[in-house]
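Since every read-out is calculated from the coordinates, none of them should be taken as a lab result. Since the model is a prediction, treat every value here as computed from it, not as a measurement. Cβ placement follows ideal geometry from the backbone for every residue including glycine, while neighbour counts extend to all protein chains displayed.
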Amino acid sequence: MEVPGFRPRYKFVSPLSGEAIADRIRARLGKNDHGGIWMKDTHMHLLLNFPRRTSEAWTPQMDITFEPIEDGKTVVRCLIGPVSTIWMLFAGGYLALSLLGLTGITLGIAQHLLGQPPWGYYIIPVVVVCLGVLIHLERTGRRRAQADMLHLKRILDEALGCDCSKLATEQGM
């Protein structure tokens with residue numbers, strides 16, 4: 001029951017309607033062995049999340065969307081990943097550090113061409129160290145989130161009675 005990579009996503013066709021799938025997941029979460037996971041249900045969209053009191057920064061969530069197609073079947077899309085605030089924190093960090101690094105290079109080149117001391121180059125090692133720290137934090141979080149990701153996947157698999165990621169691979173979606 002391997003969860004591939006970070007932010008794994010897969011989609012597959014289910015013979016059930018979106019409402020039936022949501023009902024099955026709701027019934028699965030009604031059992032006491034789910035670890036306190038709660039479900040936010042909007043029309044054709046589910047969000048499975050761990051309780052805030054027990055979650056950490058790396059704790060993932062599962063985003064499930066439904067798209068009805070012909071013959072009463074439904075395309076189910078699943079995404080397991082960090083909470084959006086953490087995802088945006090890392091994306092913003094990479095963006096800010098990239099811009100800071102480009103600023104350091106540009107400033108250093110301009111200073112060098114003007115014959116001034118190119119202190120702008122000193123920004124680059126700081127950016128590289130900060131990028132290394134961000135990469136280390138991301139990989140540590142990915143490793144620590146694996147068990148929770150598998151738990152979320154297992155809940156969906158048990159609710160629908162299939163190995164959903166394997167089904168997605170078999171259907172070629």
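Descriptive notes on the structure:
- P(r) histogram, all alpha-carbon pairs of segment 87-134 included - 5 Å bins from 0, percent: 5, 24, 25, 19, 12, 8, 4, 2, 0
- Axial C-alpha extent at least 30 Å, average Kyte-Doolittle at least 0.5 - helices from the chain (DSSP): 84-113, 123-160
- GluC sites (Glu not before Pro), loop per DSSP, at most 15 other Cβ atoms within 10 Å - longest free stretch of the chain: 57-173
- Shape analysis of the chain based on the Cα gyration tensor places the equivalent ellipsoid semi-axes at 44, 18, 13 Å, largest first.
- Sequentially through segment 39-44, phi angles give Karplus couplings (6.51, -1.76, 1.60; θ = phi - 60°) of 10, 9, 10, 10, 4, 6 Hz, Gly and Pro residues having no value and appearing as x.
- Converting phi to 3J(HN,Hα) with the Karplus coefficients 6.51, -1.76 and 1.60 and the offset θ = phi - 60°, segment 45-51 yields 8, 10, 10, 9, 9, 7, x Hz in sequence order, with x at every glycine or proline.
- Structure remark: mean-square fluctuation, Gaussian network model of the chain, C-alpha springs under 10 Å; the largest value among LEU97, LEU156, LEU79 belongs to LEU97.
- Its relative contact order, with pairs defined as Cα atoms under 8 Å and 6+ residues apart, puts the chain at 29 percent.
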